[in-house]
Amino acid sequence: MKELKGIYTIWLRDVKRFWRDKPRIVGAIAQPALFLFVLGTGLGGGLGKAFAHGGFIPGVEDYVVFIYPGIIGMTLLFTSVFSALSIVWDREFGFLKEVLVAPISRSAVALGKALGGATVALFQGTLMLVFAPLIGVSLTFAMVIKLLILMFLVSLSLTSMGIVIAARMRSMEGFHMIVNFLTLPMFFLSGAMFPVRGLPSWMDYLVRINPLTYGVDILRYTVIGFKEHSISGDLLVAIGFGLVMICLGVFEFNRQE
């Protein structure tokens with residue numbers, strides 16, 4: 001019971017910090033909206049002419065509709081990973097040391113941080129669902145429930161990855177550099193902005209080893225019914241990657257000085 005209360009307290013702290021940070025919420029909506037409506041509409045206009053006779057891809061006529069699940073994936077990626085920045089912040093200001101000497105296990109601290117970051121990312125991903133009617137995507141209640149579960153699964157694994165990185169960082173500058181080095185290639189090689197079929201072999205290899213590829217694929221299948229991998233494979237990678245990252249995050253916290 002004491003461990004659960006510790007996990008809940010750390011989760012609640014992260015969620016409250018996000019909720020009270022209104023500019024962060026506005027930015028979380030504005031950035032994906034720019035990608036979806038400005039970049040998507042601009043690129044879609046050109047691509048629409050190139051594929052005027054056959055649609056963008058079979059079954060998906062509009063480029064903006066195609067990238068919509070990818071933009072949700074982008075929101076989850078950046079929110080989840082950067083939520084671990086609070087660990088570096090807490091270390092610099094000495095708060096992390098106080099948490100680590102609290103009468104709860106360090107595993108509970110890591111799990112609380114992972115659940116808090118995943119909840120914040122889920123909230124931001126849910127805000128993106130508001131844009132669905134504006135681009136002509138119809139979501140049923142069952143689809144929304146399924147998306148919430150999938151988004152939380154993806155967010156939890158990505159937040160845990162951020163925790164693994166943050167646990168080793170001693171400065172916010174170092175965290176930003178490493179995270180940007182990882183997240184931007186993960187996003188561009190996930191199939192969020194373009195189909196991943198017919199790519200050069202080197203790029204195809206990078207796409208296949210990218211865990212976000214499978215998260216974006218299952219979100220896209222849920223939203224518009226288009227997929228490039230098997231759903232069972234997507235789920236297997238998402239769950240497996242999440243378990244590995246959570247275990248590594250707990251391990252890193254247990255070895256903290």
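The values are calculated or read from the model by the stated rules, or taken from the named source; none is laboratory data. As the structure is a prediction and not an experimental result, all values here were calculated from the model. Neighbour counts run over all protein chains shown; Cβ positions are idealised from the backbone, glycine included. The accessibility values were calculated without ligands, DNA or RNA, using every heavy atom of the protein model including side chains. Shrake-Rupley method; radii C 1.70, N 1.55, O 1.52, S 1.80 Å.
Among 81-94, 19-32, the peptide with the highest mean count of other Cβ atoms within 10 Å heads the list, and the full ranking is 81-94, 19-32.
Taking the radius of gyration and the Kirkwood hydrodynamic radius from Cα positions alone, what is the Rg/Rh ratio for the range 144-197, to two decimal places?
Values: Rg = 13.9 Å, Rh = 12.9 Å.
Here the Rg-to-Rh quotient is 1.07.
Looking at the square roots a ≥ b ≥ c of the eigenvalues of the Cα gyration tensor of the range 202-248, which shape do they give, rounded for a/c under 1.5, prolate if a/b is larger than b/c, or oblate? Judged from the Cα gyration tensor, the range 202-248 comes out oblate (a/c at least 1.5, b/c at or above a/b). Here the chain is described by how far its Cα atoms reach on the three principal axes: 65, 38, 34 Å, from widest to narrowest. Separation of the range 195-257 and the range 127-192, taken as the distance between their Cα centroids, equals 11 angstrom. Packing order of peptides 149-157, 239-247, highest average first: 149-157, 239-247 (average count of other Cβ atoms within 10 Å over each peptide's residues).
Principal-axis analysis of the Cα atoms of the chain puts helix 63-83 at an angle of about 10° to the longest axis.
Considering helices alone, the calculated mean residue ellipticity of the chain at 222 nm is -24500 deg cm²/dmol, with DSSP H runs of length four and up weighted by -39500 (n - 2.57) and normalised per residue. Over the range 117-236, accessible surface divided per residue gives 45 Å², non-protein components excluded, 1.4 Å probe. Using the Karplus relation 6.51 cos²θ - 1.76 cosθ + 1.60 with θ = phi - 60°, the per-residue 3J(HN,Hα) values for the range 141-149 come to 4, 5, 5, 5, 4, 5, 5, 4, 5 Hz, with x marking Gly and Pro. Filter K22/K146; K5/K146; K113/K146; K2/K113 down to the pairs with a C-alpha to C-alpha distance above 20 Å, please. Correct reply: K22/K146; K5/K146; K113/K146. Leaving out ligands, DNA and RNA, what percent of the accessible area of the range 56-152 is carbon and sulfur, probe 1.4 Å? Answer for the range 56-152 is 73 percent, counting heavy atoms of protein chains only. Quick check: from the Cα gyration tensor, does the range 96-223 come out rounded (a/c under 1.5), prolate or oblate? It comes out oblate by the Cα gyration axes.
Shape of the range 166-257 from the C-alpha gyration tensor: prolate (a/c of 1.5 or more and a/b above b/c, with a ≥ b ≥ c the square roots of its eigenvalues).
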